[in-house]
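Engineer: Handing you this structure, nothing more for now.
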Amino acid sequence: LDSLTGLYNRSLFEARFHEEFERARRRGEQFIVLFLDVDDFKEVNDNHGHRMGDDALKLIAEILQSSSRRIDVVARHGGDEFMVILSGASLPEAHRFFERMRTQVAERSSSKLGLDLRLSAGAVQCPDNSPDPTALLDAADEAMYKAKRHGKNRLFAALSLAPAERRQAMPKEEE
C-alpha cells in the first residue's frame, strides 16, 4: 500500500492490471484503465506547502476509493498521479465516473482545504485486441497528457491503439 494515501501502490496496480488483462482476454470481457493527474499540483506545494499537498492527495484518494466499487482497483501511481481499473466498464461509464470524481474533488477540496483542485485523465478500454498490455497503459498515459494539452480538467480517451491522429477526446460536460 502507498504509505500516504492507503491506496494500492504502483507495483500492486500493475500486477492486478496484468491479471485483469488476461482474465478479460480469456472471457471476452472489457474493462477501463483511467490514468488521473492533479492539474497544476506543483503550485499547491509551492504556494501552500507540502503538508497541504499531502492533505490534497489524501482527500483525492479518499474520494476515489469511496466512489469506486469493490471490484475496481484504485492506486497511487506516484506523485500526484492515480490509476483506476474499472472492471467491466465501458468508455461512457468511465466518463460518468470521471465526471463524478472531477466534481467531488473540486467541491471537497474547496470546502475542506480552501484549494481549487482539478483533475485531468486519460482512459483506455482493455483489452482492445492488443497483445501488449503495457501499450494500453502507455495509451492511457498519453491520453491524460492530451487532456492537459487541450485545457486540463477533462478526460481524453484513447479509443484504440491506432495512430495518435485517430484518438479522440471525450467531451467535457458543461459546468
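Engineer: Here is a check on your reading of the model: is Asp80 of a type in the set (D, E, K, R), at pLDDT 95 or above and within 18 Å of Asp2 (Cβ to Cβ)?
Structural biologist: In short, yes.
Engineer: Given the conditions (1) of a type in the set (S, T, N, Q); (2) in contact (Cβ under 8 Å) with a residue 12 or more places away in the chain; (3) open to solvent by less than 60 Å² (accessible area, probe 1.4 Å), which single one is not true for Asn45?
Structural biologist: With (1) of a type in the set (S, T, N, Q); (2) in contact (Cβ under 8 Å) with a residue 12 or more places away in the chain; (3) open to solvent by less than 60 Å² (accessible area, probe 1.4 Å) applied to Asn45, the lone miss is (2).
Engineer: Only one of Ala123, Ala139, Ala106 is modelled with pLDDT of 95 or more and touching a strand residue (DSSP E or B) at 6+ places or on another chain (Cβ under 7 Å). Can you tell me which?
Structural biologist: Of Ala123, Ala139, Ala106, the one residue that is modelled with pLDDT of 95 or more and touching a strand residue (DSSP E or B) at 6+ places or on another chain (Cβ under 7 Å) is Ala123.
Engineer: Let me ask something else. Would you mind finding the one in Ala24, Ala61, Ala56, Ala75 that is crowded, with 17+ Cβ neighbours inside 10 Å and either polar (S, T, N, Q) or more than 19 Å from Ser3 (Cβ to Cβ) (or both)?
Structural biologist: Answer to the check: Ala24.
Engineer: Count, please, the residues in segment 28-54 that happen to be within 23 Å of Lys148 (Cβ to Cβ) and part of a helix (DSSP H, G or I).
Structural biologist: Counting residues in segment 28-54 that are within 23 Å of Lys148 (Cβ to Cβ) and part of a helix (DSSP H, G or I) gives 12.
Engineer: Name the one entry in Ser3, Ser68, Ser109, Ser90 that is of a type in the set (Ser, Thr, Tyr) and touching a Leu at 6+ places or on another chain (Cβ under 7 Å).
Structural biologist: Ser109
Engineer: Would you be able to tell me the number of residues in segment 69-88 that are within 14 Å of the chain's Cα centre (by Cα) and farther than 13 Å from Tyr8 by Cα?
Structural biologist: 4
Engineer: Across segment 93-127, which residue is most open to solvent (accessible area, probe 1.4 Å) among those that are in contact (Cβ under 8 Å) with a residue 60 or more places away in the chain and assigned to a loop (DSSP other than H, G, I, E, B)?
Structural biologist: Arg118
Engineer: What are the residue pairs meeting all of these: first residue in segment 1-21, first residue at positive phi and in contact (Cβ under 8 Å) with a residue 12 or more places away in the chain, second residue in a helix (DSSP H, G or I) and open to solvent by less than 70 Å² (accessible area, probe 1.4 Å), Cβ atoms under 8 Å, and 6 or more apart or on different chains?
Structural biologist: Close Cβ pairs (under 8 Å, with a partner that is in a helix (DSSP H, G or I) and open to solvent by less than 70 Å² (accessible area, probe 1.4 Å)) amount to Gly6/Ala61.
The values are calculated or read from the model by the stated rules, or taken from the named source; none is laboratory data. Please read all numbers here as calculations on a predicted model, not as lab measurements. Here Cβ is always computed from backbone atoms with ideal geometry, including for glycine, and neighbour counts include all displayed protein chains. Note: areas computed on protein heavy atoms with side chains; ligands, DNA, RNA excluded. Shrake-Rupley method; radii C 1.70, N 1.55, O 1.52, S 1.80 Å.
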